[in-house]
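As structure tokens, the structure follows; a few thoughts come after it.
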Amino acid sequence: MTSPASPQFTNSYATLPPRFYTKMQATPVAGPTLIRLNADLAAQMGLDADWLASEAGIQMLSGNVMPPGADPLAQVYAGHQFGGWSPRLGDGRALLLGEVDGPGNAHWDIQLKGSGPTPYSRMGDGRAWLGPVIREYVVSEAMHALGVPTTRALAAVSTGEIVLREDRMPGAILTRAASSHVRVGTFQYFASQQDVEGLRALLDFAITRHYSDLAKDDALGFLKAVIAAQAELVAKWMGLGFIHGVMNTDNCHIGGLTIDYGPCAFMDAYDPRKVFSSIDQHGRYAYGAQPEILVWNLAQLASSLLPLINRDMDDAVKVAQEALQEFSSLYTDAWKRVFFAKLGLKTGGEAEITLVQDLLTAMAENQADFTLTFRGLADGTAREQFVDPTVFDTWAEGWTARNPDMQALNDANPAYIPRNHQIELAITEAVSGDLSRFHRLCDVLTRPYSNQPGQEDLQAPPTEQELVRQTFCGT
């Protein structure tokens with residue numbers, strides 16, 4: 001029997017010019033202990049779960065000891081935050097240790113979130129407390145199980161230290177895995193510096209990592225690929241009632257992944273204007289605004305890429321605008337695939353689009369639960385979500401006339417989502433030392449489309465007393 005083995009790292013991002021990052025070590029923590037290890041993900045990454053759970057592994061997951069080949073660094077980037085330009089952001093509480101090569105030639109970046117201050121911390125302490133670590137672990141892994149491209153949670157550890165926020169909170173570190181951590185804001189940073197060579201190096205890196213079928217210098221092809229990937233991503237968000245909460249350009253991943261789970265939330269009662277984030281005072285990132293904001297973010301990427309698209313700026317602007325204009329049809333096609341599937345329809349046209357929109361309108365007017373309404377289409381319980389069930393009955397006549405595939409409905413509509421009130425309960429209990437609800441959520445949400453006897457309370461919407469009206473970044 002072989003002994004557990006430490007992973008062997010490399011760091012291709014560290015081969016980029018030094019102006020792309022700051023190399024540094026994590027700030028040691030006093031007494032790290034393992035909260036949860038994602039053994040299934042470790043296997044996908046080709047990592048030894050037994051070693052990761054060992055004392056040596058926990059020292060790595062806490063940042064106290066670097067594994068062989070690691071070259072830790074904090075990435076620099078810029079971004080538009082709620083529409084306001086910030087020329088220099090960067091990893092303020094995270095370090096990219098490097099990458100490991102998994103089965104199938106997969107490259108996995110491994111990053112520690114909450115590992116201490118960096119030059120980009122902007123007066124912050126660079127730490128994370130237990131609440132945001134639990135939220136990102138639960139939601140990112142649920143998103144993966146729901147079929148949404150996302151960063152992943154490999155592990156969570158407690159630090160044995162206190163983090164000061166509104167109160168004294170237990171510290172924690174999340175180990176995040178992703179195909180890369182390159183954002184629209186990364187391109188914006190070099191564009192704002194008028195650093196064309198930096199842009200070109202970043203483009204080559206991003207194409208190699210995410211769109212290897214393109215030529216390395218194909219900036220226009222890259223832009224189109226990102227537009228297509230993001231259109232698919234946000235259509236999936238919309239089909240789950242997911243609200244990211246901070247769709248800043250520095251939180252927009254060029255590989256089409258969901259990244260940076262701060263004040264994210266899933267809707268209970270359907271409302272296209274719904275906002276949870278405490279810092280989104282004007283609804284910029286409301287549920288129904290997400291496709292429009294995505295176009296805005298992609299326009300910022302297009303602007304950043306102009307010097308690489310064509311030396312003739314007029315021609316570059318023209319073809320970039322044409323690429324952006326393709327978003328509408330790409331997103332509409334993706335939205336139709338998602339919502340038609342949720343109604344058990346394989347195809348459709350304007351009449352089916354109207355059918356979806358009529359249901360959503362009725363749901364909004366009747367405070368119907370988003371998840372339970374769609375899930376209830378299969379077993380006849382959807383009408384129970386309506387204040388006036390006859391409204392649903394009238395709609396359902398037109399729906400059933402289209403002969404929906406009833407067998408396919410449960411494959412498109414989850415039984416379980418990470419309910420906001422359940423996450424908040426898990427955090428409150430974890431702070432008091434009880435991690436059982438956190439682990440239970442993680443286990444149930446690995447099979448969100450399956451009915452799981454005994455877990456019905458995790459399906460239920462919140463009572464009035466349990467309702468979560470605001471979520472917070474935790475920084």
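For residues that are within 24 Å of VAL356 (Cα to Cα) and not in a loop (DSSP other than H, G, I, E, B), scanning just the stretch 264-283, find the one that is farthest from the chain's Cα centre (by Cα).
ALA269
Residue by residue through the stretch 1-23, note down the ones that are part of a loop (DSSP other than H, G, I, E, B) and under 26 Å from the mean Cα position of the chain (by Cα).
PRO7, PHE9, ASN11, LEU16 - these are the residues of the stretch 1-23 that are part of a loop (DSSP other than H, G, I, E, B) and under 26 Å from the mean Cα position of the chain (by Cα).
Report whether or not VAL65 is at negative phi, among the β-branched types (Val, Ile, Thr) and within 21 Å of the chain's Cα centre (by Cα).
Taking the combined requirement at face value, the residue does not satisfy it.
Which residues, taken from the stretch 426-444, are part of a loop (DSSP other than H, G, I, E, B) and in contact (Cβ under 8 Å) with a residue 12 or more places away in the chain?
LEU435
Looking only at residues that are without any contact (Cβ under 8 Å) to a residue 40 or more places away in the chain and acidic (Asp, Glu) in the stretch 359-385, which one is least open to solvent (accessible area, probe 1.4 Å)?
Applying the filter and picking the extreme gives ASP379.
Give me a count of the residues in the stretch 338-358 that are in contact (Cβ under 8 Å) with a residue 12 or more places away in the chain, part of a helix (DSSP H, G or I) and surrounded by fewer than 17 Cβ atoms within 10 Å (Cβ to Cβ).
Number satisfying all stated conditions: 2.
Restricting to the stretch 391-403, count the residues that are open to solvent by 80 Å² or more (accessible area, probe 1.4 Å), polar (S, T, N, Q) and part of a helix (DSSP H, G or I).
So the answer is 1.
So how many residues does the stretch 42-66 have that are open to solvent by less than 10 Å² (accessible area, probe 1.4 Å) and either in a loop (DSSP other than H, G, I, E, B) or closer than 19 Å to LEU95 by Cβ (or both)?
The qualifying residues number 7.
Output yes when any residue across the stretch 227-238 is farther than 28 Å from LEU445 by Cα and either open to solvent by less than 30 Å² (accessible area, probe 1.4 Å) or charged (D, E, K, R) (or both), and no when none is.
There is at least one residue in the stretch 227-238 that is farther than 28 Å from LEU445 by Cα and either open to solvent by less than 30 Å² (accessible area, probe 1.4 Å) or charged (D, E, K, R) (or both).
Working carefully through the options ALA39, ALA14, ALA30, find the one that is under 30 Å from LEU435 (Cα atoms), among the aliphatic types (A, V, I, L, M) and either open to solvent by less than 30 Å² (accessible area, probe 1.4 Å) or touching a residue at least 40 places away in the same chain (Cβ under 8 Å) (or both).
Result of the check over ALA39, ALA14, ALA30: ALA30.
The values are calculated or read from the model by the stated rules, or taken from the named source; none is laboratory data. In this text the structure is predicted, and so the values were computed from the model without any measurement. Every residue, glycine among them, receives a Cβ derived from its backbone with ideal geometry; neighbour counts consider all protein chains shown. For accessibility, only protein heavy atoms count, side chains too; no ligands or nucleic acids. Shrake-Rupley method; radii C 1.70, N 1.55, O 1.52, S 1.80 Å.
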